[in-house]
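First up is the structure itself, then whatever we jot down about it.
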Amino acid sequence: MAGTNGRFITLEGGEGAGKSTQIRFLADHLRRQGIDVAMTREPGGSPGAELIRKLLVEGPGDAWDGTTEALLMFAARRDHLERTIRPALARGQWVISDRFADSTRAYQGYGHGFAHERIEALYQLAVGDFAPDLTLILDLPVETGLARAAVRHGTEHRFESLGQVFHQRVRDGFRAIAAAEPQRCVLIDADAPIETVRDRVLQAVTQRLGVG
Ligand code: TMP
């Protein structure tokens, strides 16, 4: 648990799952309840981590191997946690992050085959015993997500370029994470109109965190 007055909620999922739209809906909803919300993202979310993001999301798919990618992700995450997330929680804000460590588990772990125990060792080093209070994993077929993502990004398409087989492993990975940690994670069927997904997200947050 985040261990402060605030709450730490993460949204996870493959490419084009609709996380940023759903985060905006959720933040608006929580603000209407009088909750002070901070929205952030990974990789990035602090000035230093945004610099690392550029290295990660631009350029050719094979620019980094899974090990280097995982190290860069956790370097960015450490900075984001210390400079953005923890201070916001200490102020009593609810922090909603577009991705966190489950993305490393899914993309570098399940996607690239970087060993799970190494990811957990890096997690211990960079994050310690801190964890999200709630993780919502938006799940949809790979083809649907990649088609949505293709019309969006500009220069940030390094991961999208890795191909359908890679992204299927990522999807399977997220589903495995949700199954392994049901107390923290809720798997949300995101292959539906955005209003339906919004209702599913709000229902999960209400059930798990008692707001709404
Ligand atoms: P975004 O498109 O959701 O902003 O995320 C940028 C890309 O970074 C996305 O393709 C997923 C990838 N990523 C990882 O591979 N591992 C991670 O730990 C994180 C946070 C993101």
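The numbers here are math on the coordinates, done by the rules we state, and not lab data. This is a predicted model, so every value here is computed, not measured. When we count neighbours, we look across all protein chains shown, and the Cβ atoms used for this are built from the backbone with ideal geometry, even at glycine.
Give a quick list of GluC sites (Glu not before Pro) in region 20-69 that DSSP marks as loop, anything other than H, G, I, E or B, with at most 16 other Cβ atoms within 10 Å. Display every interim value, and only then the final one.
Working: sites: Glu50, Glu58, Glu69; in loops: Glu58.
Counting only loop positions with at most 16 other Cβ atoms within 10 Å, the GluC sites (Glu not before Pro) in region 20-69 are Glu58.
Rounded to the nearest 0.05, what FRET efficiency is calculated for Asn5 and Ala179 with R0 set to 25 Å and r the Cβ-Cβ distance? Can you show the working numbers first?
Details: r = 31 Å, r/R0 = 1.23.
Rounded to the nearest 0.05, the efficiency is 0.25.
Taking θ as phi - 60°, what are the ³J(HN,Hα) couplings along region 43-49 by the Karplus curve (6.51, -1.76, 1.60), each to the nearest whole Hz, with x for Gly and Pro?
Here the 3J(HN,Hα) series is x, x, x, 8, x, x, 5 Hz.
Could you pull out every residue, at least 5 positions away or on a different chain, whose amide H is within less than 5 Å of the one on Trp94? Hs are placed 1.01 Å off N in the peptide plane, and Pro or chain starts have none.
Under 5 Å from the amide H of Trp94: Arg7, Asp36, Val37, Ala38.
In the chain, what % of DSSP beta bridges are antiparallel (nearest 5)? Before the final figure, lay out the partial values.
Working: 0 of 19 bridges.
Expressed as a percentage, antiparallel bridges in the chain total about 0.
On the principal axes of its Cα set, how long, how wide and how thick is region 8-209? Give whole Å, largest value first.
45, 36, 33
One quarter of the convex hull surface, Cα atoms only: what value does that give for region 133-180 in nm²? Write out the running numbers ahead of the final one.
Numbers: hull surface 16.2 nm².
Answer in nm², one decimal: 4.1.
Separation of region 32-83 and region 187-211 by C-alpha centroid, Å?
25
Could you calculate the contour length gain from Thr144 to Ile35, that is, 0.36 nm times the residue separation minus the distance between their Cα atoms, to one decimal place in nm? Don't jump to the answer; show the numbers that get you there.
Details: separation 109, 0.36 × 109 = 39.24 nm, distance 3.35 nm.
Going from the current span to full extension adds 35.9 nm.
Which number do you get for Rg(Cα) / (2.2 N^0.38 Å) in region 1-59? Walk me through the numbers on the way to the answer.
On the way: Rg = 13.6 Å, N = 59, 2.2 N^0.38 = 10.4 Å.
Output field value: 1.32.
Quick one: if the Förster radius is 22 Å, what FRET efficiency do Ile194 and Glu50 give, using the C-beta to C-beta distance and rounding to 0.05? Let's see the in-between values first.
Details: r = 27 Å, r/R0 = 1.22.
Rounded to the nearest 0.05, the efficiency is 0.25.
How long are the semi-axes of the ellipsoid equivalent to region 122-212, from square roots of 5 times the Cα gyration tensor eigenvalues, in whole Å, largest first?
Details: eigenvalues 121, 79, 32 Å².
Its equivalent ellipsoid spans semi-axes of 25, 20, 13 Å.
Skipping prolines and chain starts, which residues have an amide H placed within reach, meaning under 5 Å, of the one on Thr10, given they are 5 or more residues away or on another chain?
Result for Thr10 returns Ser97, Leu134, Thr135, Leu136.
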